[in-house]
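Reading through the structure tokens given below for one structure.
The values are calculated or read from the model by the stated rules, or taken from the named source; none is laboratory data. Just so it is clear, the structure is predicted and the values come from calculations on it, not from any experiment. Backbone-built Cβ (ideal geometry, glycine too); neighbour counts: all protein chains shown. Calculation scope for accessible area: heavy atoms of the full protein, side chains included, ligands and nucleic acids excluded. Shrake-Rupley method; radii C 1.70, N 1.55, O 1.52, S 1.80 Å.
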Amino acid sequence: MNSAVQSDYDVVVVGGGPGGSTLSTLVALQGHRVLLLEKEEFPRHQIGESLLPSTVHGICRLLGVTDELANSGFMKKHGGTFRWGLNAEPWTFDFSVSEKFSGPTSYAYQVERMKFDKILLDNARSKGVDVRERSEVVDVLEEEGRIRGVRYDDAEGVRREVRARFVADASGNKSRIHKRIGGARTYSDVFQNIALFGYYTGGRRAPAPWTGNITCASFDLGWFWYIPLSDELTSVGAVLRREALARLQDGPRDKVLESLIDECPLIADYLSEAERVTEGPYGQVRVRKDYSYIQENFWRPGMVLVGDAACFIDPLFSSGVHLSTYSALLAARSINTTLRGAIDEAHCFREYETRYRREYDVFHDFLVAFYDLQNDEHAYFRKAKSVIGSSAPAAESFAELVGGGASNEEALIGTAPSFSQERRADLLERSRKIHWQGSRVQVQALFGESLGDAPLYEGGLVESPDGMHWARPEQPAS
């Protein structure tokens, strides 16, 4: 291979999925020079198709893609349906049960990730990010204990080096460079599952307004997801517990998936008149290892892990894109603040890691309780209330948690920045009393200002009024 050296950037982002696109856009919008390197060429298939309201109405509004999403024909998701626990009948929750979600934003989308991810990547380009596809990062550059850039192979097979003040690894669970952060990747003893999934046309749809809801159904070997992506297309996956993984050796993947569907009466009924897609990007039956894990370290001088590069949690509550884009926002604040020189790097990234770990832990702790099938939905609701420390009713607490946020920042759901002054003041005041991170992002997106929250821990930072930086609580940034 030939070798060439590129010009410097402020930030190199590795990976063009939702986390990488979000981080690069939010840093570029602050006037910084950003290079994004993605090894594949978009559009490409990806799993993780069920979004949460905090992503749709918070992150995506900050990125400026709200209208494009609304015009893309994605299926609206108003909540979810579970055949889970002691209740033999399916039960449904609705995001609007929560006061924070009530109103026109009490929904998310089911998305074809090929389309959704390309919208975010193209948006990054339009916001000034230098996006290079078919460019695979093979290693980082290190000098005197600090990460100084990356080494990558470009689309023509030329090995190049590019230097930057920060490297953000958003390349997912198969990252080639996450080990350079230092520390081990610890896998969960509880969540060691394998997903086997494919796509169907002609599957059953629930009546409105729940037509687009995700359905999760437990069965003897694990559980199924059933995600309506359009009026015709459905994503169907079986998540198998560790002790059931031998079933994957019973024959061809498509036959194994069919046999598993037969063992889950609810999903078998939904698919009784459906046909599996056998051609095109949805024509394969795929396997995804869903082993949950978390890195010992999330950052080191000059480098930060974002999204699945840092941690991954069981997909039951569709938290993948939420955690990835939320961590990207936190990392963007840390990078923007450090580049501006307002607060030192260690303080900024300690804030990043503390908040991201907290969000991960809430989902992890609730999932541990939810996998106990000897409860009914009311017990799960009460557990959600306990986990997030909410003063709201139990069912409302459940909707808040699975809607995309459960850490220590205030929350708000709104429809558009055109509220009356009285309505706006009321919502802001109510949101200051709520501890819910996901929709806190939405108040920043809607009103262009933060809520002045208290630090998460002694000596911690708060978000700045513009939402794109950290500030010391006693001296908020302008």
Taking trypsin sites (Lys or Arg not before Pro) in a DSSP loop with at most 12 other Cβ atoms within 10 angstrom as exposed, one finds the longest site-free stretch of the chain at 175-432
When every protein chain stays in place and a 1.4 Å probe is rolled, ASP220, ASP250, ASP130 sorted by accessible area with the largest first are ASP220, ASP250, ASP130
Length gained, LYS118-GLU161, 0.36 nm per residue minus C-alpha separation, equals 12.9 nm
Plugging the Cβ-Cβ distance of LEU373 and THR92 into 1/(1 + (r/R0)^6) at R0 = 25 Å yields, to the nearest 0.05, a FRET efficiency of 0.90
So, with points 7 Å from each Cα along the Cβ direction, the ARG340-SER72 label distance in nm works out to 2.9 nm
Surpassing 23 Å at the alpha-carbon level, of the pairs LYS39/LYS289; LYS77/LYS127; LYS174/LYS383; LYS39/LYS174; LYS39/LYS115, are LYS77/LYS127; LYS174/LYS383
Region 100-157: relative contact order from alpha carbon pairs under 8 Å, six or more residues apart, as a whole percent, is 22 percent
Hydrophobic long helices for the chain, i.e. whole DSSP H runs reaching 27 angstrom or more by Cα along the axis with Kyte-Doolittle mean at least -1.0, come out as 320-340, 345-370
On the accessible surface of region 66-192, probed at 1.4 Å with all protein chains in place, carbon and sulfur together account for a percent value of 42 percent
Restricting to Cα pairs under 8 Å and 6 or more apart, the percent relative contact order of the chain works out to 19 percent
For PHE82, the net charge from surrounding residues (Cβ-Cβ under 15 Å; K, R +1; D, E -1) works out to -3
At the level of C-alpha centres, the distance separating region 14-42 and region 234-291, in angstrom, is 34 Å
Residue-normalised 222 nm signal for the chain, counting each DSSP H run of n ≥ 4 as -39,500 (n - 2.57), nearest 500 deg cm²/dmol, is -9000 deg cm²/dmol
Placing each pseudo-label 7 Å from Cα in the direction of the beta carbon, GLU232 and GLU474 end up separated by a distance in nanometres of 6.4 nm
Taking only the alpha carbons of region 1-153, the radius of gyration and the largest Cα-Cα distance, Dmax, both in angstrom, are 19.3, 63
Counting only DSSP loop positions in region 88-153, the GluC sites (Glu not before Pro) whose Cβ has at most 14 other Cβ atoms within 10 Å are GLU144
Note: GLU133 to ALA184 extended length (0.36 nm per residue) minus current alpha-carbon separation gives 15.4 nm
The chain accessible area per residue, 1.4 Å probe, protein heavy atoms, integer Å², reads 38 Å²
